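> Handing you this structure, nothing more for now.
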């Protein structure tokens with residue numbers, strides 16, 4: 001995981017100000033979504049930490065077991081850049097222009113839901129795969145009058 005954030009603000013005088021910002025994030029890790037609860041009747045080492053209306057409990061014997069798929073992927077790269085130019089023409093009037101750029105590439109493949117199947121005495125898993133590449137470029141111009 002890597003996260004970088006930077007910013008620069010410059011006042012040019014005459015009511016003109018430039019604000020620049022840049023953010024970068026990179027994630028790549030193995031997913032673990034916790035230990036599911038199971039019926040107390042099949043738990044080898046049940047605890048009272050979790051106990052739902054069905055009588056399902058947290059089993060300490062499963063606490064180090066990762067039920068995620070072995071080829072899971074959690075990867076993302078994101079970049080956000082902004083440039084905002086502000087001109088305060090008077091106490092009442094402000095003109096602002098903001099340019100922005102956003103790019104994010106994400107890959108997720110994992111089992112996000114683990115449910116104990118009482119009929120088979122096995123853990124059922126759901127497979128989720130998400131791939132998205134987003135790019136957004138925009139510009140916003142606004143004029144504000146206070147009065």
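The values are calculated or read from the model by the stated rules, or taken from the named source; none is laboratory data. Remember, it's a predicted structure, so these values are computed and weren't measured experimentally. Ideal geometry is used to build each Cβ from the backbone, glycine not excepted, and the neighbour counts take in all protein chains shown.
> Which residue pairs have Cβ atoms under 6 Å apart, sit 6 or more places apart or on different chains, and have a first residue in segment 88-99 that is on the phi < 0 side of the Ramachandran plot and touching a residue at least 12 places away in the same chain (Cβ under 8 Å) and a second that is surrounded by 14 or more Cβ atoms within 10 Å (Cβ to Cβ) and part of a loop (DSSP other than H, G, I, E, B)?
Close Cβ pairs satisfying both conditions: 88/15.
> Among the residues that make up segment 17-32, is at least one of them out of contact with any strand residue (DSSP E or B) (no Cβ under 9 Å at 6 or more places or on another chain) and not in a loop (DSSP other than H, G, I, E, B)?
Applying the first criterion (out of contact with any strand residue (DSSP E or B) (no Cβ under 9 Å at 6 or more places or on another chain)) to segment 17-32 yields 32.
Next cut, not in a loop (DSSP other than H, G, I, E, B) only: none.
So far as segment 17-32 goes, no, none of its residues is out of contact with any strand residue (DSSP E or B) (no Cβ under 9 Å at 6 or more places or on another chain) and not in a loop (DSSP other than H, G, I, E, B).
> So for segment 98-110 (the condition being more than 24 Å from the chain's Cα centre (by Cα) and surrounded by 13 or more Cβ atoms within 10 Å (Cβ to Cβ)), does at least one residue qualify?
In the first step, residues of segment 98-110 are kept if they are more than 24 Å from the chain's Cα centre (by Cα); the result is 98.
This time we only want the ones that are surrounded by 13 or more Cβ atoms within 10 Å (Cβ to Cβ), so: 98.
Yes: one or more hits.
> Report, by residue number, each residue of segment 33-43 that is touching a residue at least 60 places away in the same chain (Cβ under 8 Å) and either out of contact with any strand residue (DSSP E or B) (no Cβ under 6 Å at 6 or more places or on another chain) or not in a strand (DSSP E or B) (or both). Even if it seems obvious, please write down each step before you answer.
Restricting attention to segment 33-43, the residues satisfying the condition of being touching a residue at least 60 places away in the same chain (Cβ under 8 Å) are 33, 36-39, 42.
Listed by number, the residues that qualify are 33, 36, 37, 42.
> Looking only at strands (runs of 3 or more DSSP E) that lie completely in segment 46-147, which have at least 2 residues being modelled with pLDDT of 90 or more and closer than 28 Å to residue 30 by Cβ? Explain how you work it out, then say what you get.
Details: elements: 46-51, 56-59, 73-88, 93-117, 122-145.
Strands (runs of 3 or more DSSP E) meeting the threshold: 73-88, 93-117, 122-145.
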